[in-house]
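K.L.:
I'd like to ask some things about the structure below.
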Amino acid sequence: MFSRPASPLATRFRPLIWLGVCFIAISFVTRLILLLMTGSGVPANPLYWLYAFGVGLGYDLITFIYFAWPMVLLLWLVPTRRGRMSGWKHWSLYALTVVLLCAICLGALRLSFDASWKTAWPAVIPFLFVLPLTAFTYTSRVGQWVLYIFCLLLLFGLLFVGASELTFWNEFSTRFNFIAVDYLVYTREVIGNIEESYPIARWITMLAVAAIIIFVATRRRLRTRDDTSRFGQRSIVVVVWLGLTVVSAMAVNSETKNRLQNVYVNSLAGNGIYEFFAAFRNSKLNFHRFYRTLPDSEAYAIVRKMLQTPDATFVSNDPHDLTRIIRNAGPEKHLNVVLISVESLSGKYLAAFGDKKDLTPNLNKLADQSLFFEHMYANGTRTVRGLEALSLSVPPTPGDSLIKQKHNEGLFSLADIFNQRGYVSEFVYGGYGYFDNMNYFFGHNGYKDIDRRDIPTGATIHSENVWGVADEDLFTLAMQQMDTIHGENKPFFLHIMTTSNHRPYSWPKDRVDLPQGSRDGAVKYTDWAIGDFIKRMRAKPYFKDTVFVITADHCASSAGRTRIPVNQ
């Protein structure tokens, strides 16, 4: 019996099948490890497992359609053999065509969306990728090595994404989301945080070795076998692939999988690469499209009713005017105010909420000596959400925080209220405040922005990491600002944002009896720094005239089985 020879298209596109098998296998293993990491978050229910891996396979296949486009383009465009035109002439004509298409694409983006080069340049990347593809033939030695190297890079990329998902899930208990998108903007902090938190060089080496081993074991599937396929034949595959891309984009989105009450299962059913680009696309939301709204008149009526209190009177009968006069029994006191928003300070770390580890002895003591609010909830899951709530008194906004949005200048802020009464208002941060647009936002909304740049050269820095100086050094900087303002006979309002309770969880030696790199240790050090700060402040002449407000920016974790786990 003679075996039937494979068709030219089947032999040409064998590497696409190899890539698909690798993609599905790595996605399956990643999902399995994430399931194990979730632990009791996903009950031992076969229906949950079937949903996570069944729906997950569908998302993996859809994601592969997008991910495989570079491979599809390579297998489509690289010529099988040289035609009648010489190599350099053929490539020159092809290169001219690519350049013209690129120019037309950029022009269309300019005309349709008024896109500048700053925003449109990523559109050039596909054209740069396909530019050299006709400079060699598919069956040549050069063509074989180009295919090998390209496949090895794709394989390493898949393994790297899988490992990244594991660390992201360990931190946020979810697939890639808008946080991962935001991290691309601030590469210094993000890369520095990764380098300080994980043995990144060792991990990359291990991933590279794993990629090489898998590649060597499967490279026979990549051997060049195509002497007869024609460009027109290959174009049929590309047209079909384009059709699959369009159909999948129209029929499925990130929300399609979210059918269960258990958020962990919904997240496991997704694909990290797909979720990343979905988050990128949805980072700017149309409020009226995604949120239920009320007519303005009805909304104002509800708010005015909620704002009616015995000590307040509206200044007018205009239903759209919320301005009120607040009556107080005594004279207005111009006390200094120090607002400390503590990075990731969850209620679970306080004894009042059941902590048995004694991680926050200073805060526990202060709680007994202060007004202690027991029914406060976080405004969101990130620092910028806490900062916008504390500075502007707004609930969570769709899309980006107001701190990061354009045209966020001149908003009515807490600093404005203090400034109207002769205060000096400052936002004090131990890192570089360009991160998350903090300096710009606070500097244009009533605050003077103070950050790492304002620490004098030669000042004692006990410890610092990529996020900024240790909390005790941050408090020293804040005290210097208070001394200066007090010396000018002015009251002050300082909003201090701490960072030590953030991965990589590092602090000065011999401050607490827990190991570096642990969240519990970082919590205990932050508590120590606050206690040390209050102790040092007691020696200041203005201490008795100062009110200290201590709160969290958000909780240490906001993950749970439900979309909004209120207990977190």
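K.L.:
Please go through segment 129-145 and give me each residue that is in a helix (DSSP H, G or I) and either free of Cβ contacts under 8 Å to residues at least 60 places away in the same chain or among the basic types (Lys, Arg) (or both), ordered by number. Break it down stepwise before answering.
P.N.:
First, the residues of segment 129-145 that are in a helix (DSSP H, G or I): 129-130, 141-145.
Of everything in segment 129-145, those that are in a helix (DSSP H, G or I) and either free of Cβ contacts under 8 Å to residues at least 60 places away in the same chain or among the basic types (Lys, Arg) (or both) turn out to be PHE129, VAL130, ARG141, VAL142, TRP145.
K.L.:
Only one of SER297, SER346 is without any contact (Cβ under 8 Å) to a residue 60 or more places away in the chain and open to solvent by less than 80 Å² (accessible area, probe 1.4 Å); which?
P.N.:
Answer to the selection: SER297.
K.L.:
Go through (1) under 30 Å from MET438 (Cα atoms); (2) out of contact with any Lys or Arg (no Cβ under 7 Å at 6 or more places or on another chain); (3) assigned to a loop (DSSP other than H, G, I, E, B); (4) open to solvent by less than 60 Å² (accessible area, probe 1.4 Å) one by one and return the number of the condition ASN379 breaks.
P.N.:
Of everything listed in (1) under 30 Å from MET438 (Cα atoms); (2) out of contact with any Lys or Arg (no Cβ under 7 Å at 6 or more places or on another chain); (3) assigned to a loop (DSSP other than H, G, I, E, B); (4) open to solvent by less than 60 Å² (accessible area, probe 1.4 Å), ASN379 misses just condition (2).
K.L.:
Still on this structure, I have one more. Yes or no: THR360 under 17 Å from the mean Cα position of the chain (by Cα) and either over 28 Å from ASP436 (Cα atoms) or open to solvent by 50 Å² or more (accessible area, probe 1.4 Å) (or both)?
P.N.:
Numbers: under 17 Å from the mean Cα position of the chain (by Cα): no; either over 28 Å from ASP436 (Cα atoms) or open to solvent by 50 Å² or more (accessible area, probe 1.4 Å) (or both): yes.
Judged against the criteria, THR360 is not a match.
K.L.:
How about segment 246-267: which of its residues are among the aliphatic types (A, V, I, L, M) and over 19 Å from the mean Cα position of the chain (by Cα)? Working first, answer last.
P.N.:
Restricting attention to segment 246-267, the residues satisfying the condition of being among the aliphatic types (A, V, I, L, M) are 246-247, 249-252, 260, 263, 265.
Passing the criteria: VAL246, VAL247, ALA249, MET250, ALA251, VAL252, LEU260, VAL265.
K.L.:
Just give me the residues in segment 382-401 being surrounded by fewer than 22 Cβ atoms within 10 Å (Cβ to Cβ) and in a loop (DSSP other than H, G, I, E, B), in sequence order.
P.N.:
Scanning segment 382-401 gives ARG382, SER393, VAL394, PRO395, PRO396, THR397, PRO398, GLY399, ASP400.
K.L.:
I would also like to ask the following. From the list ARG110, ARG82, which one is more than 23 Å from MET250 (Cα to Cα), assigned to a loop (DSSP other than H, G, I, E, B) and out of contact with any strand residue (DSSP E or B) (no Cβ under 6 Å at 6 or more places or on another chain)? Give the derivation first.
P.N.:
Working: ARG110 fails: assigned to a loop (DSSP other than H, G, I, E, B).
So the residue among ARG110, ARG82 that is more than 23 Å from MET250 (Cα to Cα), assigned to a loop (DSSP other than H, G, I, E, B) and out of contact with any strand residue (DSSP E or B) (no Cβ under 6 Å at 6 or more places or on another chain) is ARG82.
K.L.:
Consider segment 403-429. How many of its residues are crowded, with 20+ Cβ neighbours inside 10 Å, in a loop (DSSP other than H, G, I, E, B) and touching an Asp or Glu at 6+ places or on another chain (Cβ under 9 Å)?
P.N.:
1
K.L.:
Please go through segment 95-120 and give me each residue that is within 27 Å of PHE136 (Cα to Cα) and either open to solvent by 50 Å² or more (accessible area, probe 1.4 Å) or among the aromatic types (Phe, Trp, Tyr) (or both), ordered by number.
P.N.:
LEU96, THR97, VAL99, LEU100, LEU101, ALA103, ILE104, listed by residue number.
K.L.:
In addition: Would you mind stating whether SER341 is farther than 20 Å from TYR505 by Cα, touching a strand residue (DSSP E or B) at 6+ places or on another chain (Cβ under 8 Å) and open to solvent by less than 60 Å² (accessible area, probe 1.4 Å)?
P.N.:
no
K.L.:
Sticking with this structure for a sec: Please specify each residue of segment 146-163 satisfying the condition of being surrounded by fewer than 18 Cβ atoms within 10 Å (Cβ to Cβ) and in contact (Cβ under 8 Å) with a residue 60 or more places away in the chain.
P.N.:
TYR148, PHE150
K.L.:
Here's another thing I want to ask about it. Report, by residue number, each residue of segment 499-548 that is within 25 Å of THR383 (Cα to Cα), of a type in the set (A, V, I, L, M, F, W, C), assigned to a helix (DSSP H, G or I) and more than 24 Å from the chain's Cα centre (by Cα).
P.N.:
Residues satisfying the conditions are TRP528, ALA529, ILE530, PHE533, ILE534.
K.L.:
Of all the strands (runs of 3 or more DSSP E) wholly in segment 229-342, which have at least 3 residues that are in contact with a helix residue (DSSP H, G or I) (Cβ under 8 Å, 6 or more places away or on another chain) and either among the small types (Gly, Ala, Ser) or closer than 30 Å to ILE485 by Cβ (or both)?
P.N.:
Numbers: elements: 312-314, 324-326, 336-342.
Result: 336-342.
K.L.:
Can you tell me which residues in segment 438-461 are aliphatic (A, V, I, L, M) and either crowded, with 22+ Cβ neighbours inside 10 Å or on the phi > 0 side of the Ramachandran plot (or both)?
P.N.:
Once the filter is applied, which keeps residues that are aliphatic (A, V, I, L, M) and either crowded, with 22+ Cβ neighbours inside 10 Å or on the phi > 0 side of the Ramachandran plot (or both), segment 438-461 yields MET438, ILE450.
The values are calculated or read from the model by the stated rules, or taken from the named source; none is laboratory data. Bear in mind the structure is a predicted one, so any value in this text is a computation, not a measurement. All Cβ positions, glycine included, derive from the backbone under ideal geometry; neighbour counts span all protein chains shown. Accessible surface is based on the protein model in full, side chains and every heavy atom, while ligands, DNA and RNA are left aside. Shrake-Rupley method; radii C 1.70, N 1.55, O 1.52, S 1.80 Å.
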